[in-house]
Amino acid sequence: MNMKQRIILKSGTLVQNGESKIVDVAVADGKVVLVDENIAIEADDKVVDCAGKVVCSGLVDLHVHLREPGLSAKETIATGTAAAAHGGFTCVCSMPNLSPAPDTLEHLQQQLDIIARDAVVKVLPYATITERRMGDCVVDFAALKPYVAGFSDDGSGVQQEAVMAKAMKAAAENGCIIAAHCEVDELLRGGYIHDGEYAQKHGHRGICSESEWQQIERDIELAAEAGCRYHVCHISTKESVALIREAKRRGVQITCETGPHYLTMCDMDLQEDGRFKMNPPIRSAADRDALVEGIQDGTIDVVATDHAPHTAQEKSRGLERSAMGVVGLETSFAVIYTKLVKTGIITLEKAVDLLAEAPRRIFGLGGKIAQGEAADIAVFDLDAEWIVEPDKFLSKGKATPFEGWQLQGECCLTMVDGKIVYER
Ligand SMILES: [Zn+2]
């Protein structure tokens, strides 16, 4: 592709900053060069007819597991980013439960080399909070900061309060974000789905809500004291929503994310199948409703998928014995559009904010559709109806609780730095 050639996204509905308007967008040499009501077409232009389609900043997923280096049977940076492009994502932030974990520049470099070689969309890794993600020794924040989205021990909570306090002090001193997976190990008691009605009825061991919100409650106080930027990963309980709502009211620098499955399902939707197993688990209807309210009132800033692929074998052992985690990159937009926008719970503009604009604001990623900005853009066909068939995913991971769902809204084009990386 000639990067000097202009690509004109013609007559799309640009959804940006809470507003929608029909405009043309011209892209050349990796950047947006013009946004105007009617751009005159020149002989060499490539024109993409976007009439009736939504044009927005490329989606950003703050929480994905790309599994490289170390776990490439589950996913690779090549397949994970191809899945991201298929879903309309132009940037994903990769979690550090890898081998080796990115806890030093040397270990991080292995991941950065694979990204440079194989990634189809932008990948910003998280560094770990603690060495080997073991929860004991805080990493060198200053050394790692230039190369990472933030710091996370995702996959595990940081159990020791003194260690988290030290990490938050380092985050505050270096202007970094801590993205916390909150989970109190001693409250888990061998649980693997939500400790609720479904677990009781079917004789499963449950994970209590307190295992999540107790650590959020602890961390809010630590973050307030340290004055650091604190982002809570994948919240799933009504108590978490209430705690974060109150912390925001007090002025704590806190943001948070939840996933499409927590907003659209409850534990009574579970089936005896590994594709319904993830951590945190899908919780009660009251939790789901509180999360939706948290989205509506701005307590929850971001929808992130926690895309966590595993092999078919690892997901084939039922609820008790399958690995934790489901894929999400290729269903996220359509689930949110079908279940929250089409039903009138949130507006399309709000959905774009949750999936693209808010993560960009919080992590300082730029990417507005405006002259001079990097051309990271997604185009969606809101009329397209489709059924979730995991065999069609580009991800190696096929386990999703949305299998068989009839959805509406499909990505038809994804562009990264002006280059088309996915086209329907
Ligand atoms: Zn996590």
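The table that follows gives values for the structure above.
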read-out: Yes/no for I282 being outside any strand (DSSP E or B) and within 16 Å of the ligand (Cβ to nearest atom); value: yes
read-out: Some residue of region 104-115 being open to solvent by less than 20 Å² (accessible area, probe 1.4 Å), within 16 Å of the ligand (Cβ to nearest atom) and touching a helix residue (DSSP H, G or I) at 6+ places or on another chain (Cβ under 8 Å); value: no
read-out: Residue in region 51-59 that is within 16 Å of the ligand (Cβ to nearest atom) and in contact with a Pro (Cβ under 9 Å, 6 or more places away or on another chain) present; value: no
read-out: Among residues of region 55-86, those that are open to solvent by 10 Å² or more (accessible area, probe 1.4 Å), assigned to a helix (DSSP H, G or I) and out of contact with any Lys or Arg (no Cβ under 7 Å at 6 or more places or on another chain), counted; value: 3
read-out: First in region 347-372 and farther than 14 Å from F333 by Cβ, second anywhere and in a helix (DSSP H, G or I), Cβ under 6 Å, 6 or more apart; value: G367/R360
read-out: Residues that are among the hydrophobic types (A, V, I, L, M, F, W, C), more than 16 Å from the ligand (Cβ to nearest atom) and farther than 17 Å from D195 by Cβ, drawn from region 245-279; value: A247, V252, I254, L263
read-out: Boolean, E330 is within 24 Å of C411 (Cα to Cα), part of a helix (DSSP H, G or I) and open to solvent by 10 Å² or more (accessible area, probe 1.4 Å); value: no
read-out: In region 197-217, the residues that are touching a strand residue (DSSP E or B) at 6+ places or on another chain (Cβ under 8 Å), more than 16 Å from the ligand (Cβ to nearest atom) and either open to solvent by less than 10 Å² (accessible area, probe 1.4 Å) or hydrophobic (A, V, I, L, M, F, W, C) (or both); value: A199
read-out: Flag for I362 being aliphatic (A, V, I, L, M) and under 30 Å from E272 (Cβ atoms); value: no
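Residue-wise test of (1) of a type outside the set (D, E); (2) touching a Gly at 6+ places or on another chain (Cβ under 9 Å); (3) within 16 Å of the ligand (Cβ to nearest atom).
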| position | (1), (2), (3) |
| --- | --- |
| V148 | yes, no, no |
| S152 | yes, no, yes |
| G157 | yes, yes, yes |
| V163 | yes, yes, no |
| A172 | yes, yes, no |
| C176 | yes, yes, no |
| V184 | yes, yes, yes |
| L188 | yes, no, yes |
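The values are calculated or read from the model by the stated rules, or taken from the named source; none is laboratory data. What you see is a predicted model, and the numbers here were worked out from it, not measured in a lab. Virtual Cβ from ideal backbone geometry, glycine too; neighbours counted across all protein chains shown. Remember, those area values only see protein heavy atoms, side chains included, never the ligands or the DNA or RNA. Shrake-Rupley method; radii C 1.70, N 1.55, O 1.52, S 1.80 Å.
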